[in-house]
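Chemist: Sending over a structure as structure tokens; questions will come in a sec.
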Amino acid sequence: MYSEHTPHAPILRAVEVHHPTPLPPAVATPAPVIPMQPGTVPAVASVVLPDGRVVTGYSLSPLQPEPLAAKPPVSRAAVNVALGGVGFLAVCGGLLLLTTFIAALTALITQLIILAAVIFGGWIAVQIFSTSGRGGGTTVNIRKATFKRNHFRI
């Protein structure tokens, strides 16, 4: 607590000690009697302490909470019916979502098929009506022409 190089000893201080003053014993005086109806006067209790003093007062009973209303027990059958109903609704909701998903998937596939047909049909139309691959755009009467080694002869 103090370093070794301190030249003086610690200072001693005077300590005051207080002793409690004992109280004279209480004299039991009877409580005044007030005329009241018999059921409203609480019981007066007197307690004798170990040192001979008598303490008189009203005894207070601890406050007890009001009893809770008794809940009727729920039967197992009612619980099972309720859980079954919840399960049934969950299954119905799942089936509804499944059918909605299948209908949406069918519509998507149908639209993709139609889109492919339109694109392929457009490509065929461009190949048919395009004039860049043929020279001159001549009209040939097919009935009179003969086809020999990829050449038309009229």
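Chemist: Give me the extension gain from Asn80 to Val15: residue separation times 0.36 nm, minus the current Cα-Cα distance, reported in nm with one decimal.
Modeler: 15.6 nm
Chemist: What are the residues whose amide H is under 5 Å from the amide H of Thr56, where those residues sit 5 or more places off or on another chain and H is modelled from the backbone?
Modeler: Answer set, sorted by chain and number: Val47.
Chemist: On to the next question. Calculate the translational D of segment 54-129 in whole µm² s⁻¹ from Stokes-Einstein, where the hydrodynamic radius comes from the Kirkwood formula applied to all Cα pairs, the temperature is 20 °C and the viscosity 1.002 mPa s. Before the final figure, lay out each step's value.
Modeler: On the way: Rh = 20.5 Å.
Value of D from the Cα-based Kirkwood radius: 104 µm²/s.
Chemist: Taking K and R as +1 and D and E as -1, what net charge do the other residues with C-beta under 15 Å from the C-beta of Ala26 add up to? Working shown, then result.
Modeler: Numbers: positive: Arg53; negative: Asp51.
Residues near Ala26 contribute 0 overall.
Values quoted throughout were computed directly from the atomic coordinates according to the rules given, and no laboratory measurement underlies them. Because the structure is a prediction, the values reported are computed rather than measured. Neighbour counts are summed over all protein chains in view; Cβ atoms, including those assigned to glycine, are modelled from backbone coordinates with ideal geometry.
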